[in-house]
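What follows is calculated from the coordinates using simple rules that are stated; it is not laboratory data. Model, not experiment: these values are computed from the prediction. Every residue, glycine among them, receives a Cβ derived from its backbone with ideal geometry; neighbour counts consider all protein chains shown.
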Amino acid sequence: MTTEQLVEQIRKKKSFLCIGLDVDLDKIPPHLLQEEDPIFAFNKSIIDATHELAVAYKPNTAFYEAYGLKGWKALEKTISYLNEKHPEVYTIADAKRGDIGNTSTMYAKAFFEDLGFDSVTVAPYMGKDSVEPFLNFKDKHTILLALTSNLGAYDFQTKDLEGKTLYTSVLEVSKTWVNAENLMYVIGATKASYIGDVRAIVPNSFLLVPGVGAQGGSLTEVCKYGLNEQVGLLINSSRGIIYASKGTDFAEAAANQAASLQQQMESILNAG
Ligand SMILES: O=c1ccn([C@@H]2O[C@H](COP(=O)(O)O)[C@@H](O)[C@H]2O)c(=O)[nH]1
């Protein structure tokens with residue numbers, strides 16, 4: 001999907017919500033465990049109930065890899081379902097990959113060609129040649145970890161490196177790479193006070209912002225400095241939406257949580 005198509009969806013739905021499909025078999029409604037594929041059954045119900053409220057879905061691959069072959073099959077079924085039934089939604093494989101060039105090329109093929117995701121999250125630590133293979137794919141986005149939502153972000157990302165912080169270098173240097181227009185960045189919602197600085201370096205890029213809901217980040221704070229002319233934000237919530245109820249009403253409860261965030265987003269967009 002192109003950035004323009006994503007922006008069109010955001011304007012149409014008045015939403016920049018991304019729903020995280022982080023499926024944990026210990027947390028889904030027990031009645032689904034009798035299904036042949038409980039992970040897919042859960043995802044399908046959540047997607048069907050929320051697709052008009054969200055513009056993106058983000059399965060975190062760890063939650064599928066943890067279940068071996070049946071987890072990977074559920075991931076394949078989920079992305080196929082999204083691409084076939086809801087082709088207008090944007091898809092993110094939250095896989096946090098990145099390796100030497102030829103290996104990165106294989107990661108990119110796995111997520112973009114085999115599975116058919118629109119984007120994949122990538123760690124910048126191994127530098128330019130580890131990221132550029134992802135950037136070579138037309139109409140696909142590479143979402144670079146810049147300033148993450150967890151506490152450990154302060155261990156390295158905010159540390160000074162030759163007069164600037166490490167995450168600032170990630171933003172500045174990555175902007176110079178070939179096909180940099182295919183980059184987006186992960187900025188944690190818990191780091192809202194840094195978003196003005198981020199926008200000073202990447203005013204036009206999309207930011208994937210996890211950390212609202214279960215991690216305590218504030219949508220309003222993120223939007224204050226994060227919005228740009230194309231909206232430029234995808235706000236992710238996973239547990240706060242998909243585990244709103246463990247009963248038979250789980251999909252409806254998820255839709256209510258998603259609707260609450262979508263309404264806040266609509267008000268913010270109308271006010272801007
Ligand atoms: O900095 C980051 C990068 C990725 N994540 C991922 O986003 C979701 C957040 O889930 P919640 O349940 O809404 O907290 C999850 O998949 C994380 O691995 C992040 O939180 N922070």
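Which FRET efficiency value, to the nearest 0.05, is calculated for T220 and N102 with the Förster distance at 41 angstrom and r the Cβ-Cβ distance? Show your work: numbers first, answer last.
Details: r = 44 Å, r/R0 = 1.08.
The formula returns an efficiency of 0.40 here.
Quick one: 3J(HN,Hα) in Hz for segment 235-241, Karplus 6.51/-1.76/1.60 with θ = phi - 60°, rounded, Gly and Pro as x.
9, 9, 9, 10, 4, x, 9
When T78, T61 are ordered from fewest to most other Cβ atoms inside 10 Å of their Cβ, what list results?
Sorted ascending by nearby Cβ count, the order is T61, T78.
According to a simple spin-label model (label point 7 Å from Cα along Cα-to-Cβ), what is the distance in nm between N204 and N136?
The modelled label-to-label distance comes out at 2.5 nm.
Can you compute the FRET efficiency between T176 and A62 using 1/(1 + (r/R0)^6), with r the Cβ-Cβ distance and R0 = 30 Å? Round to the nearest 0.05.
Values: r = 31 Å, r/R0 = 1.03.
Step by step, r from the Cβ atoms, then E = 0.45.
What do you get for the angle between helix 38-50 and the principal long axis of the chain? Use alpha-carbon atoms, 0 to 90 degrees, nearest ten.
On a 0 to 90 degree scale, this one is about 80.
Once the Cα atoms of segment 13-161 are picked out, what are the Rg and Dmax in Å?
16.3, 53
So, how do all the Cα-to-Cα distances of segment 59-125 break down into 10 Å bins, in percent, from 0 on up?
So the P(r) values, bin by bin, are 21, 53, 24, 2.
Just grab the label-to-label distance for K77 and D197, each label 7 Å out from Cα along the Cβ direction, in nm (one decimal).
Here the modelled spin labels are 4.5 nm apart.
By what distance, in whole Å, do the Cα atoms of the chain stretch along each of the three principal axes, largest value first?
56, 46, 34
Under 5 Å between amide H atoms, partner at least 5 residues away or on a different chain: which partners does V186 have, H built in plane at 1.01 Å?
Result for V186 returns L144, L145, A146, L147, L208.
At what distance in nm do the modelled label points of Y154 and D114 sit from each other, each positioned 7 Å from its Cα along Cα→Cβ?
4.0
Given only helices, namely DSSP H runs of n ≥ 4 each adding -39500 (n - 2.57), what is the per-residue ellipticity at 222 nm of the chain, to the nearest 500 deg cm²/dmol? Before the final figure, lay out each step's value.
Details: 12 runs with 116 residues, N = 272.
Rounded to the nearest 500, it is -12500 deg cm²/dmol.
Suppose every Lys and Arg Cβ carries +1 and every Asp and Glu Cβ carries -1, with no other charges. What dipole size does segment 3-271 come out with about its Cα centre, to the nearest 20 debye?
Details: 25 positive and 33 negative charges, 69 e Å.
Using only the charged Cβ atoms, the result is roughly 340 debye.
Just the number: Rg to Rh for segment 1-67, Cα atoms, Kirkwood Rh, two decimals. Mind showing how you got there, number by number?
Numbers: Rg = 14.0 Å, Rh = 13.3 Å.
The Rg/Rh ratio comes out at 1.06.
Ordered by residue, what ³J(HN,Hα) values in Hz, to whole numbers, does segment 129-146 give under the Karplus form 6.51 cos²θ - 1.76 cosθ + 1.60, where θ = phi - 60° and Gly and Pro are x?
5, 8, 9, 4, x, 6, 6, 5, 7, 5, 6, 10, 10, 10, 9, 7, 5, 10
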